[in-house]
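Heads up, the thing below is written out as structure tokens.
The values are calculated or read from the model by the stated rules, or taken from the named source; none is laboratory data. Not measured: the values here are computed from a predicted model. Cβ placement follows ideal geometry from the backbone for every residue including glycine, while neighbour counts extend to all protein chains displayed.
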Amino acid sequence: LPTAVVIVAAGSGTRLGYGMPKALVPLAGAPLLLHSLRGAAGAGLARQVCVAVPPGDTELTELCRTFAEELGDAGPEITVVPGGATRADSVRAALAALTPGTRHVLVHDAARPLTPPEVFHRVAEALGRGAAAVIPAMPVVDTIKSTAPTEGEASAIAAEVVTGTAVREQLRAVQTPQGFDAATLLRAHEVAAAWEPEQAAAITDDAMLVESLGTPVYLVPGDLQAFKVTTPMDLHFAETILAAGS
Ligand code: C5P
């Protein structure tokens, strides 16, 4: 079925501390976005790849244009849109630019440059089996606790206190690309566009919007190499993986 990949690349990259959008940060000599574009196009599933770039960007837009030229007619159509203030806003902007008739959408973080093609394929295959939402996931290695700020006298001891411990065997760390029936994802984002700012600020992936519609979200295995580049250590790790593979 007609499939598009959305790549969200409109983040500021503040935590990486490079003073440039994260998608522009070089990894083995090429911007993160170029690695993600190659991965998304190379998986061979998409007839369109739509990239959300920071508003006012010229460099990432130019990179997409050059990449599209290199691909020529052999590759998917590359579309660039200005992203928004939040990741969800950026996804929404990209969804509005999808070619009519798109049935499946895979939403992918530019910040996961080493995601193997197998992950794209596992997600797409589960969509093909009839799922409306599919996400790649990994077991959690750390024990995860919920917390609250301390109050009163306790705040002299520490800033936070534990309120509970989740059952680790039931937890998964989720990655991208997250795959959706296009109409379902559009509806989920339309509903979330009306959420209160506080609720909207807590949106960290697309699947949670689809969950809130009551639609089942299915899991397929992710991959260690689909990790998100967030900190300088992650970038170092990515460099090491690439160097070891070449
Ligand atoms: O900030 P975080 O690492 O969770 O961002 C995940 C992805 O969402 C990144 O690829 C980033 O570029 C993208 N993003 C975006 N628009 C925003 C914020 C984040 O496209 N406003």
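Surrounded by 14 or more Cβ atoms within 10 Å (Cβ to Cβ), within 14 Å of the ligand (Cβ to nearest atom) and either part of a loop (DSSP other than H, G, I, E, B) or modelled with pLDDT of 95 or more (or both): does that describe Ala68?
no
For region 10-42, give me the residue count where each residue is part of a helix (DSSP H, G or I), at pLDDT 95 or above and within 11 Å of the ligand (Cβ to nearest atom).
Total meeting the criteria: 5.
Take the conditions in contact (Cβ under 8 Å) with a residue 60 or more places away in the chain and acidic (Asp, Glu) and apply them to Asp205. Does it pass?
The answer is yes for Asp205.
Quick one: which of Leu185, Leu242 is touching a residue at least 60 places away in the same chain (Cβ under 8 Å), within 16 Å of the ligand (Cβ to nearest atom), on the phi < 0 side of the Ramachandran plot and of a type outside the set (Ser, Thr, Tyr)?
Residue meeting the stated conditions: Leu185.
Considering region 43-65 alone, what residues qualify as being assigned to a strand (DSSP E or B) and within 13 Å of the ligand (Cβ to nearest atom)?
Within region 43-65, Cys50, Val51, Ala52, Val53 meet the criteria.
Would you list the helices (runs of 4 or more DSSP H) that sit entirely within region 166-246 and hold 1 or more residues that are among the hydrophobic types (A, V, I, L, M, F, W, C), closer than 29 Å to Pro2 by Cα and within 20 Å of the chain's Cα centre (by Cα)?
Helices (runs of 4 or more DSSP H) meeting the threshold: 182-192, 207-211.
Determine whether region 89-97 contains at least one residue that is among the β-branched types (Val, Ile, Thr) and more than 10 Å from Val8 (Cα to Cα).
Looking through region 89-97, none of the residues is among the β-branched types (Val, Ile, Thr) and more than 10 Å from Val8 (Cα to Cα).
Looking only at strands (runs of 3 or more DSSP E) that lie completely in region 91-157, which have at least 1 residues being on the phi < 0 side of the Ramachandran plot, surrounded by 12 or more Cβ atoms within 10 Å (Cβ to Cβ) and in contact with a Leu (Cβ under 6 Å, 6 or more places away or on another chain)?
Because the criterion is at least 1 residues that are on the phi < 0 side of the Ramachandran plot, surrounded by 12 or more Cβ atoms within 10 Å (Cβ to Cβ) and in contact with a Leu (Cβ under 6 Å, 6 or more places away or on another chain), the strands (runs of 3 or more DSSP E) in region 91-157 that meet it are 104-109, 133-139.
Kindly check whether there is at least one residue in region 207-230 that is touching a Gly at 6+ places or on another chain (Cβ under 7 Å) and exposed (fewer than 10 other Cβ atoms within 10 Å of the Cβ).
No, region 207-230 has no match at all.
Scan region 192-206 for residues that are surrounded by fewer than 13 Cβ atoms within 10 Å (Cβ to Cβ) and farther than 20 Å from Ala23 by Cβ and jot them down.
Ala193, Ala194, Glu196, Pro197, Glu198, Gln199, Ala201, Ala202 - these are the residues of region 192-206 that are surrounded by fewer than 13 Cβ atoms within 10 Å (Cβ to Cβ) and farther than 20 Å from Ala23 by Cβ.
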